[in-house]
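The values are calculated or read from the model by the stated rules, or taken from the named source; none is laboratory data. Computed from a prediction, not measured in an experiment: that's the story for all the values here. Note that each Cβ is placed from the backbone with ideal geometry, even for glycine, and that neighbours are counted across all protein chains shown. These area figures cover heavy atoms from the full protein model, side chains too; ligands, DNA and RNA do not enter into them. Shrake-Rupley method; radii C 1.70, N 1.55, O 1.52, S 1.80 Å.
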Amino acid sequence: MKRTMLMGLIFGAMAVGGYTDESDGIFAYKAGQFEIYMLNESERDGNTSILVSADAALIRRYIPASGFKHATNAFLIKAPSRNILIDNGTGSSGIILDKIRKLGVEPENIDTILLTHLHGDHFGSLQRDGRAVFPKATVYLSDREYEYFTKTNVNQGAVNALAPYGSQVKTFTPGALNSRLTEIIPGISPIAAYGHTPGHTAYLIENGGEKFIIAGDILHIALVQFPAPNISATYDMDASMAAAMRARLLDYAAMNKIPLGGMHIAYPGAGMVEPEGSGFKFIPLNQK
């Protein structure tokens, strides 16, 4: 208990002096000179039926009788020389745009957009009425993801979202976990986290000797999948690969003591990971 409280105090103190408001779904962290803001687009009642091979006893063990919340998040990073958006939600009612504006950033000020993958709740704010919402942004995504969803098994919504950006769309090959990673932009390196989708990508942020991982959809129901990372969700296109990648990424974060954030983790959307039994324990960054 004492260790948990201490960890919460340390990493709660990392919150930057900018806008942080749980009622508004914005939470701030800092890694070196990088200000990292979790932007919550929505929270709704969660549904454990999306879990694959999770028996009733497992559900009762980890899910409160009162239920739980399922979040949809994006992340804004204010770096010294650019504004970076990692994913951008469903586009519902312009909520993500409203939140970046509260942080003093207009859509025209976004220089870089990094996509974890091409599911609709991650690219939905990219275009409106066929026009780019972030007209000056370069949009990056993995080559496997781009190939699969725009050519092999076409997701027309993704094609439409990327179309207004034309040559501003760039692809890359993410590095393997525990290998020498290559920065795609200064301070941010993509990590191959395949399984949820063919080209699903996590991002390692590093500045001033401090690190932070944005894990995308490596988890969908955190309350179960941290302690039981072998449990995948129906949204995972390759359940076995997703489970193996989840375990590896969580172990990496735990062993290296790197805070980890995700697109479906309830507020504050990120925390520390520690080994516990055959799985992991999650300590939210604002837990005291």
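When the criteria are applied in full, F149 fails the requirement of being under 25 Å from K78 (Cα atoms), touching a residue at least 40 places away in the same chain (Cβ under 8 Å) and over 19 Å from the mean Cα position of the chain (by Cα).
Restricting the first member to the range 160-172 and to residues that are open to solvent by 70 Å² or more (accessible area, probe 1.4 Å), and the second to residues that are aromatic (F, W, Y), the beta-carbon pairs closer than 8 Å and six or more apart or on different chains are K170/Y140; T171/Y140; T171/Y146. Could you pull out the residue among G261, G277 that is of a type outside the set (A, V, I, L, M, F, W, C), surrounded by fewer than 17 Cβ atoms within 10 Å (Cβ to Cβ) and under 26 Å from S53 (Cα atoms)? So the residue among G261, G277 that is of a type outside the set (A, V, I, L, M, F, W, C), surrounded by fewer than 17 Cβ atoms within 10 Å (Cβ to Cβ) and under 26 Å from S53 (Cα atoms) is G277. In this structure, is A253 assigned to a loop (DSSP other than H, G, I, E, B), out of contact with any Cys (no Cβ under 7 Å at 6 or more places or on another chain), in contact (Cβ under 8 Å) with a residue 40 or more places away in the chain and of a type in the set (A, V, I, L, M, F, W, C)? The answer is no for A253. Against the criterion of being touching a residue at least 12 places away in the same chain (Cβ under 8 Å), of a type in the set (G, A, S) and buried (at least 21 other Cβ atoms within 10 Å of the Cβ), S240 does not qualify. Look at (1) in contact with a helix residue (DSSP H, G or I) (Cβ under 8 Å, 6 or more places away or on another chain); (2) at pLDDT below 95 and you find that A215 fails only one, number (2).
Of everything in the range 121-149 that's among the hydroxyl-bearing types (S, T, Y) and open to solvent by 30 Å² or more (accessible area, probe 1.4 Å), which residue is nearest to E43 (Cα to Cα)?
Y140
Only one entry of T197, T201 meets the criterion of being open to solvent by less than 20 Å² (accessible area, probe 1.4 Å), farther than 20 Å from G271 by Cα and under 15 Å from the mean Cα position of the chain (by Cα), and that entry is T197.
Taking first residues from the range 32-60 that are among the hydroxyl-bearing types (S, T, Y) and partners that are surrounded by fewer than 20 Cβ atoms within 10 Å (Cβ to Cβ), the Cβ contacts under 7 Å between residues at least 6 apart in sequence or on separate chains come to Y37/L103; S42/S92; T48/I59; T48/I63.
Let me spell it out: the conditions are (1) open to solvent by less than 10 Å² (accessible area, probe 1.4 Å); (2) under 24 Å from L141 (Cα atoms), and F226 meets all of them except one. Which number is the exception? With respect to (1) open to solvent by less than 10 Å² (accessible area, probe 1.4 Å); (2) under 24 Å from L141 (Cα atoms), F226 is out only on (2).
For the range 118-129, check the following and say yes or no: at least one residue is more than 24 Å from A242 (Cβ to Cβ), in contact (Cβ under 8 Å) with a residue 40 or more places away in the chain and of a type in the set (K, R). No, the range 118-129 contains no residue that is more than 24 Å from A242 (Cβ to Cβ), in contact (Cβ under 8 Å) with a residue 40 or more places away in the chain and of a type in the set (K, R). Among the residues of the range 209-249, those that are assigned to a loop (DSSP other than H, G, I, E, B) and polar (S, T, N, Q) comprise N230, S232, T234.
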